[in-house]
Amino acid sequence: MKNNPTFKRIAFAGIGAVLLAAGAPALADPPSRIARLAYISGPVSFAPAGENDWENAALNTTLIPGDCLWVENGARDEVQIGGAALRMGGGTLVTLAQLADRMTRLQMAQGRINVRVRSLRPNEVVEIDTPNLALSIRQPGEYRVEVDPVGNATMVAVRRGQADVFGDGNAHRLASGQAYRFGGSDLRGAQYARADIDEFDRWSTSRDRRLEQSRAARYVSPNLVGYEDLDEQGTWRSVPTYGNVWMPSNVGRDWAPYRDGHWSYVQPWGWTWVDKAPWGFAVSHYGRWARFPRGWGWVPGPRAATPVYAPALVAFISIGGGAYSQRERPVAWFPLAPREAYRPSYRASPAYVTNINITNTTFARNQVPRDGQRVDYANRRVGGAVTAVPRTAFMREQPVSRAAIALPVAALAGAAIANAGPAAPERGARGRGEAGRPPPQAVIARQAQASAAPPPAALRRAPTPVPPPVAVAPDAPTERAARRQDRREARDERNGRDNRDGRDDRVDRSGRNDRSGREDRNDRNDRNDRNGRDAHPPSPPPLPRAPTPVTPAIPATPAVPAVAATPLAQANERGNRREERREARPPAPPPLANAPTPPAPPPAAAPIAPNDRASRRDEIRQAREQQRQERPAPAAPPPAPPVAAPAAAPVAPRPPEPPKPEQPRAEQAQQQAGQNGRGNEKRGEKRDRDRPEKD
């Protein structure tokens, strides 16, 4: 029996059937994330998958592959897909081509979109197909895509992040800050494009800021779709039983969850709730509801878990016959309370059922109730929690708030709990809202020309990294480089002008400084000569070192004699040293042989003075000589003049040994001053000698 081939074939066939049966539910699991129409401004039309009828799009609509959105001129909308947000401007036609846990693919026939990718799962790709290329986004960042009205060219701008562009037999990798316009399907006509910030970009940035600054992010998972809408219409409270609870603010007293909206049949989930309130998406597809004394409160799931999307977290009630016919039997439901299990009406694996419960409420994996286990639902006994509408209104997706009916207590008393609503509607039942305006027929036809995304191997066949398209058009510099070049040229021109002006100024200043310096030095020399002679008039030849000539200068500073004595004494000392050096010099030059008789030249020099300076010096010299002759002889000097004592002390040791060790800096200054004085005297005497000869 064991070696029978027929038995082996039967056994292997049985094992294969078991494995296929076990794997079939896993293959049937719907995606854990969805696409949500999160914002509408202006006329936006919606065409369900497989339908040709266009209707006005409804906020919080769950989008599936095949759904189309047409944004008319002047309108805007936003679609949220997992960790990405796609914002569409006026004149844009987009089709959701594929939606899975690792792949999101859109077909864009015309218009402009801004894509903000906040997070990506490992190996997750967001792809946008246009009539002439496929853009593959593999890193979080900010991207902009524009397709011209003719559909022959696509502009791709990567503001932050990295993206791969595929064409027919060609591929490019774009990095942050690059923007190019691609014409044709082979990407060989790439040109640099301007991607200036406009009003549409600023609106997209405000939407991003609203998401990043949301207070609800402190209480819910960052992967929960629509949590940013809770900040404007409710408050958070801490409840000991459930933790953080969000309570809506602007609702009526008779309001209850899953009452302000309508039902829509969406594959593969089945009946899906579409809430009318802007904040109604997150609280309708994640978490649980509980009744509190102040009203209804929404209890989110664990913050650390990535929530799994559910079409509606409610339990349906099977209303019996009685007063209602089979066709008019109402459909009733109520929200699930915290720690109550959700049973999908669609095919799903046990692992999926476990995940959708433990990520949306406080459950342990081993606490999820099994099928057939009786559950005592808390909200079933809460007054006003059950909502019911006629079956026809339910099937036609009419607003529940207008079609709601009150059920008698007897009808609810013995009613059974069901996981699913009514049977699926006939084909074409989805999308029965108000009629919308379709896009132009030429744009709809162009949608079929969208290029399918090539396999990732196409990029690997290209050089890595792919040379940027800017090499195709090297003569088109980037905007930033052009601005830098303009600033550099302007700076070089200013520098050249400044250098020329600076050289001219330096030449002018140098010439003026040279002339001014010579004139200033001559003026200073003349002033020093005059000041030296005025402060130290020449003494008689027999007494060259007598200190008496400085006595007339004492009354000049009677208020501070102690302070004024020191510079006066130094001036007297310098004058005495100059006199000594003048006497000690050998009379080498003949004109200096008669130097001891200075009074002789003035009479002859006065009438023939060549300029005012010489005349002034002669007058001063004559006045000094006359004053010295008229002054009485200093036979009896004052007994103790304040200058005599400090002046006599340094004079005595001067010839044999200067007092350098005691005051080195002062002595150096005095010596320098003396040399300056000698130089001035020599120049003055030379001018005096040379002037008569020239005359």
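Looking only at segment 165-181, count how many residues are more than 29 Å from the chain's Cα centre (by Cα) and surrounded by 18 or more Cβ atoms within 10 Å (Cβ to Cβ).
The qualifying residues number 4.
Among the residues of segment 292-300, is there at least one that is on the phi < 0 side of the Ramachandran plot, in a loop (DSSP other than H, G, I, E, B), without any contact (Cβ under 8 Å) to a residue 40 or more places away in the chain and not hydrophobic (A, V, I, L, M, F, W, C)?
Yes, some residue in segment 292-300 is on the phi < 0 side of the Ramachandran plot, in a loop (DSSP other than H, G, I, E, B), without any contact (Cβ under 8 Å) to a residue 40 or more places away in the chain and not hydrophobic (A, V, I, L, M, F, W, C).
Between a residue in segment 406-429 that is on the phi > 0 side of the Ramachandran plot and any residue that is at pLDDT 75 or above, which pairs come within a Cβ distance under 7 Å, given they are 6 or more apart or on different chains?
Taking only residues 6 or more apart or on different chains, the pairs are Gly428/Glu51.
Before we move on, is Val150 without any contact (Cβ under 8 Å) to a residue 60 or more places away in the chain, farther than 23 Å from Ala100 by Cβ and out of contact with any strand residue (DSSP E or B) (no Cβ under 8 Å at 6 or more places or on another chain)?
yes
Given the criteria within 26 Å of Ala351 (Cα to Cα), of a type outside the set (Asp, Glu), modelled with pLDDT of 95 or more and part of a strand (DSSP E or B), does Arg36 qualify?
Criteria met by Arg36.
Residues of segment 42-96 being among the hydroxyl-bearing types (Ser, Thr, Tyr) and part of a loop (DSSP other than H, G, I, E, B), which ones?
Hit for segment 42-96 is Thr61, nothing else.
So which of Asn60, Asn114, Asn132 is touching a residue at least 40 places away in the same chain (Cβ under 8 Å), surrounded by 22 or more Cβ atoms within 10 Å (Cβ to Cβ) and within 28 Å of Ala312 (Cα to Cα)?
Going through Asn60, Asn114, Asn132 in turn, just one is touching a residue at least 40 places away in the same chain (Cβ under 8 Å), surrounded by 22 or more Cβ atoms within 10 Å (Cβ to Cβ) and within 28 Å of Ala312 (Cα to Cα): Asn60.
Residue-by-condition table, conditions (1) closer than 22 Å to Ala305 by Cα; (2) crowded, with 17+ Cβ neighbours inside 10 Å:
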| position | (1), (2) |
| --- | --- |
| Tyr219 | yes, yes |
| Thr241 | yes, no |
| Asn244 | yes, yes |
| Pro257 | no, yes |
| Val266 | no, yes |
| Trp269 | yes, yes |
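If you take the residues in segment 181-228 that are among the polar types (S, T, N, Q) and not in a helix (DSSP H, G or I), which one is nearest to Ser119 (Cα to Cα)? Quick ask: steps written out before the conclusion?
Our first condition is that a residue be among the polar types (S, T, N, Q); within segment 181-228, this holds for 185, 191, 204-206, 213-214, 221, 223.
From what's left, not in a helix (DSSP H, G or I): 185, 191, 213-214, 221, 223.
Working: Ser185: 30, Gln191: 30, Gln213: 16, Ser214: 17, Ser221: 13, Asn223: 9 Å.
In this case the residue turns out to be Asn223.
Return yes or no: is Val251 surrounded by fewer than 18 Cβ atoms within 10 Å (Cβ to Cβ), touching a strand residue (DSSP E or B) at 6+ places or on another chain (Cβ under 8 Å), farther than 19 Å from Asn355 by Cα and not charged (D, E, K, R)?
It is true that Val251 is surrounded by fewer than 18 Cβ atoms within 10 Å (Cβ to Cβ), touching a strand residue (DSSP E or B) at 6+ places or on another chain (Cβ under 8 Å), farther than 19 Å from Asn355 by Cα and not charged (D, E, K, R).
Go through (1) in contact with a Gly (Cβ under 9 Å, 6 or more places away or on another chain); (2) within 21 Å of Arg36 (Cβ to Cβ) one by one and return the number of the condition Ala134 breaks.
(2)
With the requirement that a residue be among the polar types (S, T, N, Q), over 27 Å from the mean Cα position of the chain (by Cα) and closer than 26 Å to Thr205 by Cβ, what does segment 119-152 give you?
Taking segment 119-152 as the starting set, the residues that turn out to be among the polar types (S, T, N, Q) are 119, 123, 130, 132, 136, 139, 152.
From the residues that got through so far, the ones that are over 27 Å from the mean Cα position of the chain (by Cα) too are 123, 130, 132, 152.
Hit for segment 119-152 is Thr130, nothing else.
Do the conditions hold for Arg116, that is, is it closer than 30 Å to Tyr352 by Cβ, among the charged types (D, E, K, R) and within 26 Å of the chain's Cα centre (by Cα)?
yes
For segment 221-239, name all the residues that are of a type in the set (S, T, N, Q) and either crowded, with 17+ Cβ neighbours inside 10 Å or in contact with a Cys (Cβ under 9 Å, 6 or more places away or on another chain) (or both). Before the answer, list the steps.
Applying the first criterion (of a type in the set (S, T, N, Q)) to segment 221-239 yields 221, 223, 233, 235, 238.
Ser221, Asn223 - these are the residues of segment 221-239 that are of a type in the set (S, T, N, Q) and either crowded, with 17+ Cβ neighbours inside 10 Å or in contact with a Cys (Cβ under 9 Å, 6 or more places away or on another chain) (or both).
For segment 196-205, state whether one or more residues are aliphatic (A, V, I, L, M) and surrounded by 13 or more Cβ atoms within 10 Å (Cβ to Cβ).
First, pick out the residues of segment 196-205 that are aliphatic (A, V, I, L, M): 197.
Next cut, surrounded by 13 or more Cβ atoms within 10 Å (Cβ to Cβ) only: none.
No, there is no match, as no residue in segment 196-205 is aliphatic (A, V, I, L, M) and surrounded by 13 or more Cβ atoms within 10 Å (Cβ to Cβ).
Test each condition in (1) within 27 Å of Gly50 (Cα to Cα); (2) of a type in the set (Asp, Glu); (3) assigned to a strand (DSSP E or B) for Glu142 and report the one that comes out false.
So Glu142 meets the others, but not (1).
Take Pro222 and decide whether it is of a type outside the set (Lys, Arg), in the same structural domain as Thr361 (by TED's automatic domain parsing), over 30 Å from Thr154 (Cα atoms) and out of contact with any Phe, Trp or Tyr (no Cβ under 8 Å at 6 or more places or on another chain).
In short, yes.
Do we have Trp236 as at pLDDT 95 or above and either in the same structural domain as Phe281 (by TED's automatic domain parsing) or outside any loop (DSSP other than H, G, I, E, B) (or both) here?
In short, yes.
Looking at segment 34-48, which of its residues are out of contact with any Lys or Arg (no Cβ under 8 Å at 6 or more places or on another chain) and under 17 Å from Trp269 (Cβ atoms)?
Matches in segment 34-48: Ile34, Ala35, Arg36, Leu37.
Take Tyr309 and decide whether it is of a type in the set (Ser, Thr, Tyr), in contact with a Pro (Cβ under 9 Å, 6 or more places away or on another chain) and either closer than 30 Å to Gly66 by Cα or modelled with pLDDT of 90 or more (or both).
Working: of a type in the set (Ser, Thr, Tyr): yes; in contact with a Pro (Cβ under 9 Å, 6 or more places away or on another chain): yes; either closer than 30 Å to Gly66 by Cα or modelled with pLDDT of 90 or more (or both): yes.
Judged against the criteria, Tyr309 is a match.
Consider Pro268 against the criteria (1) closer than 30 Å to Gly50 by Cα; (2) touching a helix residue (DSSP H, G or I) at 6+ places or on another chain (Cβ under 7 Å); (3) in a loop (DSSP other than H, G, I, E, B): it satisfies all of them except one. Which criterion is unmet?
(2)
Within segment 362-420, how many residues turn out to be assigned to a helix (DSSP H, G or I), polar (S, T, N, Q) and at pLDDT 90 or above?
So the answer is 2.
The values are calculated or read from the model by the stated rules, or taken from the named source; none is laboratory data. Because the structure is a prediction, the values reported are computed rather than measured. Counting neighbours? That spans all protein chains shown, and the Cβs are built from the backbone with ideal geometry, glycine included.
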